[in-house]
Amino acid sequence: MFEQALSGLSTINQLELLIPTSILAVMLVAISKSGFGYGLGGLGFPLMVLVLPPKLALAVSLPLTLLTDVWVIFVWRKFFIFEIIWMMVLGGMIGQLLCWIFFNYLDDKSILILIGTMALITSVIFFLSKIDLLQKSKNHLNTLQPNFRRAVFWCSLSGFASFIAWAGSVPAQIYLLKLGVNRKIL
């Protein structure tokens with residue numbers, strides 16, 4: 001399978017395109033995971049897809065993402081709400097498992113459509129928050145109690161999107177936003 005993915009590559013030989021794009025993608029993910037990128041790490045993988053086929057881009061960026069995830073878990077290990085996290089982990093695992101089952105049935109075009117959709121959603125949310133449209137709605141937000149069905153639904157979507165394009169933050173944020181969890185308190 002790996003040889004098949006490499007066989008049709010013409011852009012991978014263009015290192016002047018591959019290396020800067022990959023560096024930019026990794027920097028976006030790293031800065032975002034450190035808390036400074038406002039969720040723009042979701043755009044790192046779509047950048048990789050510009051120079052690599054989707055499945056190969058997933059294979060290239062997976063080790064880097066896992067390393068940054070280990071560091072994030074280590075840093076934030078004392079600041080979690082167990083009542084919320086167990087439902088999110090369960091939903092995420094369900095989404096990851098479903099995507100793992102169906103991944104071989106997805107072709108590169110359908111993966112690119114999913115990646116583009118998640119990148120667009122991430123970008124729109126980022127820019128709307130910057131022009132203060134979402135900030136106004138946060139002030140009038142009615143907080144909800146953690147709900148098992150809602151958590152499993154949104155976090156399953158998060159796990160699925162995360163498996164495809166490391167864009168699982170959007171569905172997870174949709175779930176967490178309604179809970180009114182204040183990041184500054186954590």
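The values are calculated or read from the model by the stated rules, or taken from the named source; none is laboratory data. Because the structure is predicted, anything quoted here is derived from the model rather than measured. Cβ: placed from backbone, ideal geometry, glycine included. Neighbour counts: every protein chain shown.
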Any residue in region 67-86 that is within 20 Å of SER158 (Cα to Cα) sitting within a Cβ distance under 6 Å of a residue that is part of a loop (DSSP other than H, G, I, E, B) and not hydroxyl-bearing (Ser, Thr, Tyr)? List the pairs, counting only those 6 or more apart or interchain.
GLU83/PRO146; ILE84/PRO146
Members of region 148-186 found to be crowded, with 17+ Cβ neighbours inside 10 Å, among the polar types (S, T, N, Q) and at pLDDT below 85, listed by number:
SER162, SER169
Checked against (1) within 23 Å of PHE102 (Cβ to Cβ); (2) of a type in the set (A, V, I, L, M, F, W, C); (3) at pLDDT 75 or above; (4) part of a helix (DSSP H, G or I), PHE74 satisfies every condition except (1)
